[in-house]
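S.K.: One structure, as structure tokens, below. Some questions next.
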Ligand code: SAH
């Protein structure tokens, strides 16, 4: 059997047997690469549902925001729409349709590693150009970048305070079951100074891949101009504790149960991402809850307009609105972070109360 078709759990078991515990980042990175490679995980029949799949209103308001930024920055051409992890391409399609109404018709560049999802995206946005990562995105013209539920799927590291100091939390084996074990290497230098003396057992998460990608985005915004919207679940400050979760068929499952068959995610650390943006001297417009941002962009008015046009769908539109903005749904846990090049405008939805 080829390596791709082998059960990923067995591959990990053999690796750990031969070389010892592996990092959680390796476990999560390879699990998610396998998970997304050959499936469409979205929607009712899939494993989870994302904001753009709940309602077209989400993508339309993203498109409106981007168009507003671009117009206020002087309508520069050429201009690039760049999306990280576009899923089914629904967000891009809705955003580009609404942006076009304001005269914004950017080149479309999609960063996607999954072959199966690229095929689906191509049906939604045939004119797009695909990339494995940001490095091949053209260097001319401002970038309007969007990432929804992309950062949460990037490989995470967990650090735990033991009686010997900070150690990485590794994945080991107890007979043939995966278990967490503390690594042998001291990790104290990877921990922010204010957390170094935290009580034994304290757990902190870091996502080096997220930091690296944000660094690259910020560099592009600084060099080329433009703005970015990063939407994900997470908090505005670093908290202790594990947020790692696995979701399959709309249920939380044990992250170790079936590697490559469930979506592994963790909260996004927006505070760290904002710090990186500022360190590269681009603007952090703000990080606000999804509910607040969508309301500020006029989602309620948009819902009323849709309902007037399709009264039969009134209930469905109302339910979608509630899911996107209510505090007990996605409204409070999900955050929207706005970034912009130094001489770009403030952007709607990030004003102080
Ligand atoms: N933005 C979409 C999909 C979110 S799921 C939506 O909101 O519906 C995560 C997406 O990121 C998928 O498209 C997945 O294939 C992609 N992805 C995950 N890790 C990636 C990586 N390292 N590089 C590029 N794309 C990645």
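Bear in mind that the values in this text are calculations on the coordinates, not laboratory data. Just so it is clear, the structure is predicted and the values come from calculations on it, not from any experiment. Note: ideal-geometry Cβ built from the backbone for every residue, glycine included; neighbour counts use all protein chains shown.
S.K.: Does region 57-175 come out rounded, prolate or oblate, given a ≥ b ≥ c as the square roots of the eigenvalues of its C-alpha gyration tensor, rounded meaning a/c under 1.5 and, failing that, prolate meaning a/b above b/c?
M.R.: It comes out prolate by the Cα gyration axes.
S.K.: If you don't mind, another one. When only C-alpha pairs under 8 Å and at least 6 residues apart count, what is the relative contact order of region 183-296, in percent?
M.R.: The normalised contact order for region 183-296 reaches 28 percent.
S.K.: Please tell me the relative contact order of the chain in percent, rounded to the nearest whole number, where contacts are Cα pairs under 8 Å and at least six residues apart.
M.R.: About 20 percent, as a whole number.
S.K.: Continuing with the same structure: Show log10 I(q)/I(0) for region 170-328 at q = 0.11, 0.18, 0.20, 0.21 Å⁻¹, two decimals, from a solvent-free Debye sum over equal Cα scatterers.
M.R.: -0.69, -1.25, -1.32, -1.35
S.K.: Against the longest alpha carbon principal axis of the chain, how many degrees, from 0 to 90 and to the nearest 10, is the axis of helix 115-124 turned?
M.R.: With rounding to tens, the tilt is 10 degrees.
S.K.: Can you give the convex hull volume of the alpha carbon atoms of the chain per residue, in Å³?
M.R.: Each residue corresponds to 151 Å³ of Cα convex hull volume.
S.K.: How far is helix 299-309 tilted, in degrees, relative to the longest principal axis of the Cα atoms in the chain, given as a value from 0 to 90 rounded to the nearest 10?
M.R.: The angle comes out near 60 degrees.
S.K.: Nearest 5 is fine: what % of DSSP beta bridges in region 222-269 come out antiparallel, could you say?
M.R.: 75
S.K.: Within 10 Å of each residue's Cβ, count the other Cβ atoms and sort 149, 53 from fewest upward.
M.R.: By the 10 Å Cβ count, ascending, the order reads 53, 149.
S.K.: Oh, and also: Which of 28, 187, 170 comes first, and how do the rest follow, when ranked by fewest Cβ neighbours within 10 Å?
M.R.: Values: 28 27, 187 20, 170 24.
The order, fewest Cβ neighbours first, is 187, 170, 28.
S.K.: Going out from 0 in 5 Å bins, what whole percent of all Cα-Cα distances in region 1-73 drops into each bin?
M.R.: Bin by bin from 0 Å, the calculated values are 3, 12, 14, 14, 11, 11, 10, 9, 7, 5, 3, 1.
S.K.: If one computes the Cα centroid of region 31-83 and of region 272-300, what distance in Å separates the two points?
M.R.: Going from one Cα centre to the other spans 16 Å.
S.K.: Among DSSP beta bridges lying fully in region 127-267, give the percent that are antiparallel, nearest 5.
M.R.: 80
S.K.: Would you mind classifying region 235-347 by shape? Square roots of the alpha carbon gyration tensor eigenvalues, ordered a ≥ b ≥ c; an a/c under 1.5 is rounded, otherwise it is prolate if a/b is larger than b/c and oblate if not.
M.R.: oblate
S.K.: As a test, work out the antiparallel percent of DSSP beta bridges whose residues both lie in the chain, rounded to the nearest 5. Write out the running numbers ahead of the final one.
M.R.: Numbers: 36 of 58 bridges.
The antiparallel fraction comes to roughly 60 percent.
S.K.: Can you put 278, 203, 159, 96 in order of Cβ neighbours within 10 angstrom, beginning with the fewest? Walk me through the numbers on the way to the answer.
M.R.: On the way: 278 13, 203 16, 159 22, 96 25.
Neighbour counts put them in this order, fewest first: 278, 203, 159, 96.
S.K.: Could you work out the relative contact order of region 23-98, using alpha carbon pairs under 8 angstrom and six or more residues apart, expressed as a whole percent?
M.R.: The value is 36 percent.
S.K.: A follow-up question, please. So how tilted is helix 8-19 from the main axis of the chain? Cα-based, degrees 0 to 90, rounded to 10.
M.R.: Result, in degrees: 40.
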